[in-house]
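Heads up, the thing below is written out as structure tokens.
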């Protein structure tokens, strides 16, 4: 998948699935967070520091972040893969 295709799909799912209470980033691990071993490549609804829709590429998440009026693709690490820098908790698979 090219970067442009990835960005288009992320925009599509971000517009389709509204940001909700269960997407709010928190400092604790959610009990229903999908563990890395059970994940497959694809788009996930997630609770992340900077986005609520992310693409899991097998190593990290890519999602759309808006900062100072600019929207761009950024990477974040799965909550269970790093004690300090893990910021995304996947909640459910949307598309693969």
Q. So which residue, out of 84, 29, 65, gets the largest mean-square fluctuation from a GNM of the chain using Cα contacts under 10 Å as springs?
A. 84
Q. Say R0 is 41 Å: what FRET efficiency, to the nearest 0.05, do residue 80 and residue 8 get from their beta-carbon distance?
A. 0.90
Q) Please state the relative contact order of the chain as a whole percent: Cα pairs under 8 Å, 6+ residues apart? A) 28
Q: Report, in deg cm²/dmol and to the nearest 500, the calculated mean residue ellipticity at 222 nm for the chain, where each DSSP H run with n ≥ 4 adds -39500 (n - 2.57) and the sum is divided by the residue count.
A: -4500 deg cm²/dmol
Q | Candidates 69, 42, 28: whichever shows maximal mean-square fluctuation once the chain is modelled as a Gaussian network with Cα springs under 10 Å | A | 69
Q: With springs only between Cα atoms under 10 Å apart, run a GNM on the chain and tell me which of 17, 34, 53 wobbles the most.
A: 17
Q) Once the convex hull of the C-alpha atoms of the chain is built, how many Å³ does it hold per residue, rounded to a whole number? A) 100
Q: Mark the label point 7 Å from the Cα of residue 29 along Cα→Cβ and return the residues of the stretch 69-96 whose backbone N is within less than 16 Å of it.
A: 77-91
(Q) Quick check: the angle from helix 3-16's long axis to the longest principal axis of the chain, C-alpha only, nearest 10 degrees? (A) 70
Q) How would you rank 6, 64, going from fewest to most other Cβ atoms within 10 Å of each one's own Cβ? A) 6, 64
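None of the figures in this text is laboratory data; all of them are computed from the coordinates on show. Quantities reported herein were computed from a predicted structural model and do not represent experimental measurements. So basically every Cβ, Gly included, is an ideal-geometry build from the backbone, and we count neighbours across all protein chains shown.
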